[in-house]
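Since the structure comes first, as structure tokens, the remarks are kept for the end.
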Amino acid sequence: MRHPTAGIPGPYTSRTVGKAIISGNVTLKTAGEIDAMRAAGRLCAQALAAVANAIKPGATTLDLDTIAEAVIRDGGGEPTFKGYFGFPATLCTSLNEEIVHGIPTAKRVLRLGDVVKIDCGATLDGWIGDAAFTAQVGGATGKPKKLMDATEAGLAAGIEAMRAGGFLGDVSSAVEVVGRTNKVGIVTRYCGHGVGRRLHEEPSVPNVGTPGTGIPLVPGLVIAIEPMFTLGRADTVEMKDGWTVKTRDGSLAAHFEHTVAMTPDGPEILTLP
Ligand code: MG
Ligand code: MG
């Protein structure tokens, strides 16, 4: 079974459409295309903001999905994940030891203290924004808060590493260093990815790496950076529904993601409300 988000390391064959190619099938976006992706990213972020407001005890993961789909469709977009390799929903909703790709359902009721990962894709005018966040029901506290803070810091470090003259490995390494400094598990079975007209394009953006390696960070490169950290080991297992991925040891997981464009002035986060 293939997955809607968090690109599995491996061959994503993206079609080149007359754009400059810097390596393999990596396509660079023009300034105008990045404008279009910013609009898609904004819609994605607006859906996530609405979902964040609805994360309360008693809400179901299907309630959250319904809210996200309404925001996206009201904004003239389409839920990217719905139908992607058969995925049935607008959001991936993953609770506690689940890391990514959980399926929203009326049977999952949020309880105080649950750690909820929300991943959303919005397609607008053919362009895609992909972003995710983690929240704890009732407010972040204790070890879950530390894990969430570390994961969000990993994302921030990855974005900050997108400097002119740099390489993709700088991004991966920056995420990894934050994970190691915080002594969390760094999930490597799933990773970030290029994004554009397709949800998963080349290159893969691993959450571990070596500075100075990989493709150069040139203007027009657009990637989804998405660290997944755990309070235990990083080994994962796929559940019987064929989608939900959880930690093998049952430890708590967090996930944050932004779609980020490399511009002549440095990184620009496209998935902001
Ligand atoms: Mg995502
Ligand atoms: Mg993604």
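Of all residues in region 248-266 being of a type outside the set (S, T, N, Q) and surrounded by fewer than 22 Cβ atoms within 10 Å (Cβ to Cβ), which is farthest from residue 183 (Cα to Cα)? Steps first, answer last, please.
Of region 248-266, the ones of a type outside the set (S, T, N, Q) are 248-250, 252-258, 260-262, 264-266.
Still in the list and also surrounded by fewer than 22 Cβ atoms within 10 Å (Cβ to Cβ): 248-250, 264-266.
Details: 248: 18, 249: 16, 250: 17, 264: 34, 265: 33, 266: 29 Å.
Across region 248-266, the extreme among qualifying residues is 264.
Only one residue in 233, 197, 189 is assigned to a loop (DSSP other than H, G, I, E, B), on the phi < 0 side of the Ramachandran plot and touching a Lys or Arg at 6+ places or on another chain (Cβ under 8 Å). Which one? First the steps, then the outcome.
Numbers: 197 fails: touching a Lys or Arg at 6+ places or on another chain (Cβ under 8 Å); 189 fails: touching a Lys or Arg at 6+ places or on another chain (Cβ under 8 Å).
Exactly one of 233, 197, 189 is assigned to a loop (DSSP other than H, G, I, E, B), on the phi < 0 side of the Ramachandran plot and touching a Lys or Arg at 6+ places or on another chain (Cβ under 8 Å), namely 233.
Looking only at residues that are more than 15 Å from ligand 2 (Cβ to nearest atom) and polar (S, T, N, Q) in region 246-262, which one is farthest from residue 32 (Cα to Cα)?
Ranking the candidates gives 251 first.
Is it true that some residue in region 144-161 is closer than 21 Å to residue 234 by Cβ, within 16 Å of ligand 2 (Cβ to nearest atom), touching a Ser or Thr at 6+ places or on another chain (Cβ under 6 Å) and among the β-branched types (Val, Ile, Thr)?
No, region 144-161 has no match at all.
Any idea how many residues of region 236-247 are surrounded by 14 or more Cβ atoms within 10 Å (Cβ to Cβ) and not in a strand (DSSP E or B)? First the steps, then the outcome.
Here is the first cut: in region 236-247, the ones surrounded by 14 or more Cβ atoms within 10 Å (Cβ to Cβ) are 236-238, 242-247.
With the extra rule that they be not in a strand (DSSP E or B), the set shrinks to 242-244.
Residues meeting the conditions: 3.
Hey, among the residues in region 111-135 that are surrounded by fewer than 22 Cβ atoms within 10 Å (Cβ to Cβ) and among the hydrophobic types (A, V, I, L, M, F, W, C), which one's nearest to ligand 2 (Cβ to nearest atom)?
The extreme case among them is 135.
Give the residues of region 162-187 that are modelled with pLDDT of 95 or more, farther than 19 Å from residue 149 by Cα and not aliphatic (A, V, I, L, M), sorted by residue number.
Of all residues in region 162-187, those modelled with pLDDT of 95 or more come to 162-163, 166-187.
Add one more test, that the residue is farther than 19 Å from residue 149 by Cα, and what stays is 162-163, 166-170.
The answer is 163, 166, 167, 169, 170.
Take the residues of region 92-135 that are charged (D, E, K, R) and closer than 23 Å to residue 76 by Cβ: which is farthest from ligand 1 (Cβ to nearest atom)? Spell out how you get there, then give the answer.
Applying the first criterion (charged (D, E, K, R)) to region 92-135 yields 97-98, 107-108, 111, 114, 117, 119, 125, 130.
Now restrict to residues that are closer than 23 Å to residue 76 by Cβ: 119, 125, 130.
Details: 119: 4, 125: 19, 130: 4 Å.
Of everything passing the filter in region 92-135, 125 is farthest from ligand 1 (Cβ to nearest atom).
When you look at residue 271, is it within 16 Å of ligand 1 (Cβ to nearest atom) and assigned to a loop (DSSP other than H, G, I, E, B), yes or no? Outline the logic, then answer.
On the way: within 16 Å of ligand 1 (Cβ to nearest atom): yes; assigned to a loop (DSSP other than H, G, I, E, B): yes.
Against the criterion (within 16 Å of ligand 1 (Cβ to nearest atom) and assigned to a loop (DSSP other than H, G, I, E, B)), residue 271 qualifies.
Where residues in region 183-219 are among the charged types (D, E, K, R) and under 21 Å from residue 254 (Cβ atoms), which of them is farthest from ligand 1 (Cβ to nearest atom)? First the steps, then the outcome.
Restricting attention to region 183-219, the residues satisfying the condition of being among the charged types (D, E, K, R) are 183, 189, 197-198, 201-202.
With under 21 Å from residue 254 (Cβ atoms) added as a condition, the list becomes 183, 189.
Values: 183: 25, 189: 15 Å.
Checked region 183-219; the qualifying residue farthest from ligand 1 (Cβ to nearest atom) is 183.
Suppose we keep only residues that are of a type in the set (D, E, K, R) and more than 20 Å from the chain's Cα centre (by Cα) within region 93-129. Which one would you say is nearest to residue 248 (Cα to Cα)? So that I can check it myself, show each step before the final result.
Looking only at region 93-129, we keep the residues that are of a type in the set (D, E, K, R), and these are 97-98, 107-108, 111, 114, 117, 119, 125.
Now restrict to residues that are more than 20 Å from the chain's Cα centre (by Cα): 107-108, 111, 125.
Details: 107: 23, 108: 21, 111: 22, 125: 39 Å.
Checking each candidate, the answer is 108.
Is it true that some residue in region 209-218 is closer than 21 Å to residue 132 by Cα and at pLDDT 95 or above? So that I can check it myself, show each step before the final result.
The first filter runs over region 209-218 and keeps only residues closer than 21 Å to residue 132 by Cα, leaving none.
Among the residues of region 209-218, not one is closer than 21 Å to residue 132 by Cα and at pLDDT 95 or above, which makes the answer no.
Results for (1) outside any loop (DSSP other than H, G, I, E, B); (2) farther than 28 Å from residue 194 by Cβ, shown as yes or no for each residue.
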residue	(1), (2)
68	yes, no
72	yes, no
76	no, no
102	no, no
106	no, yes
112	no, yes
138	no, yes
147	yes, no
150	yes, no
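Just for region 32-66: of the residues that are small (Gly, Ala, Ser), part of a helix (DSSP H, G or I) and without any contact (Cβ under 8 Å) to a residue 60 or more places away in the chain, which one is surrounded by the fewest Cβ atoms within 10 Å (Cβ to Cβ)? Give the steps one after another, and end with the answer.
To start, the set of residues in region 32-66 that are small (Gly, Ala, Ser) comprises 32, 36, 39-41, 45, 47, 49-50, 52, 54, 58-59.
Filter again for part of a helix (DSSP H, G or I), leaving 32, 36, 39-41, 45, 47, 49-50, 52, 54.
Filter once more, so that each one left must be without any contact (Cβ under 8 Å) to a residue 60 or more places away in the chain: 32, 50, 54.
Numbers: 32: 8, 50: 16, 54: 14.
Restricting to residues being small (Gly, Ala, Ser), part of a helix (DSSP H, G or I) and without any contact (Cβ under 8 Å) to a residue 60 or more places away in the chain, the top hit is 32.
The values are calculated or read from the model by the stated rules, or taken from the named source; none is laboratory data. Bear in mind that the values here come from a model prediction, so they are computed numbers and not experimental data. Cβ: placed from backbone, ideal geometry, glycine included. Neighbour counts: every protein chain shown.
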